[in-house]
Amino acid sequence: MSAFHIVDHPLITHKLSIMRNRKTGSKDFRQLLEEISMLMGYELTRDLPLEDVVIETPITKMTARMVSGKKMAIVPILRAGLGMVDGLQNLVPVAKVGHIGLYRDPETHLPVEYYCKLPVDIEDRIVILVDPMLATGGSACGALDLLKQHGCNHIRFMCLVAAPEGVAKVQAEHPDVDIYAAALDDHLNEHAYIVPGLGDAGDRIFGTL
């Protein structure tokens, strides 16, 4: 079964609490989402392999350690996942960015695909799939299905807030994908929203409340 990681650094917890507040406006919400994404990115990339590289400092030559191995790709689930891309690209500016468009059917709560554009070498990259909310797990599993159909074998999923139901679904359907979240909330309500959650992340990012 995939590992579930809570990235509970005090700064992340503090910023997430501000995001949860219904009085926080779109501008601050977007900024906080970017900041948390960057902070979580440190933990997400903790196990990237390093290699020895000879460089020359202003003083002398030395053997330094630099990231080696597979290149990375960041893939947001549209539209809310877009708010997490800049924070991760601040850490890894050379990462390619793909996009997967899914929306949740209001009646069935199942994901419906409407867009998919990925780097041509996506199968050779470590893929970070991002979406602020992991609620039912339907969108996450749908996006993971698409990535695997394109040959991806090294995928990590990152969200801000997760519900137990969504975590269980992803772990059951994609046991090879580790999940990283800033918080695990209590449950889903009758409308499949996370409780206590932070509302509709896409609406709060783009001001479409």
Please go through (1) open to solvent by less than 10 Å² (accessible area, probe 1.4 Å); (2) modelled with pLDDT under 95 for Ala162 and return the number of the only condition it doesn't satisfy. (2)
I'd like the full set of residues that are in a helix (DSSP H, G or I) and among the basic types (Lys, Arg), limited to the stretch 1-44. Lys15, Arg20, Lys27, Arg30
Filter the stretch 45-60 for residues that are open to solvent by 80 Å² or more (accessible area, probe 1.4 Å) and either part of a strand (DSSP E or B) or modelled with pLDDT of 95 or more (or both); which is nearest to Cys159 (Cα to Cα)? Leu50
Residues of the stretch 181-203 satisfying the condition of being touching a helix residue (DSSP H, G or I) at 6+ places or on another chain (Cβ under 9 Å) and open to solvent by 20 Å² or more (accessible area, probe 1.4 Å): Leu184, Asp186, His187, Leu188, Pro196, Gly199, Asp200, Asp203
Any residue in the stretch 101-116 that is at pLDDT 95 or above and β-branched (Val, Ile, Thr)? no
Which condition from (1) free of Cβ contacts under 8 Å to residues at least 40 places away in the same chain; (2) open to solvent by 40 Å² or more (accessible area, probe 1.4 Å); (3) in contact with a Phe, Trp or Tyr (Cβ under 8 Å, 6 or more places away or on another chain) is the one that Asn153 breaks? (3)
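Residues are listed down the side, and each one gets a yes or a no for (1) touching a Gly at 6+ places or on another chain (Cβ under 9 Å); (2) open to solvent by less than 70 Å² (accessible area, probe 1.4 Å); (3) under 30 Å from Asp203 (Cβ atoms); (4) modelled with pLDDT under 90:
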| residue | (1), (2), (3), (4) |
| --- | --- |
| Lys23 | no, no, yes, no |
| Gln31 | no, no, yes, no |
| Met62 | no, no, no, no |
| Pro76 | yes, yes, yes, no |
| Val85 | no, yes, yes, no |
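The values are calculated or read from the model by the stated rules, or taken from the named source; none is laboratory data. Note that the coordinates shown come from a computational prediction; the quantities given were computed from them, not determined experimentally. Glycine gets a Cβ as well: all are built from the backbone with ideal geometry, and neighbour counts include every protein chain shown. What goes into the accessible areas is simple: the full protein's heavy atoms, side chains included, and nothing from ligands, DNA or RNA. Shrake-Rupley method; radii C 1.70, N 1.55, O 1.52, S 1.80 Å.
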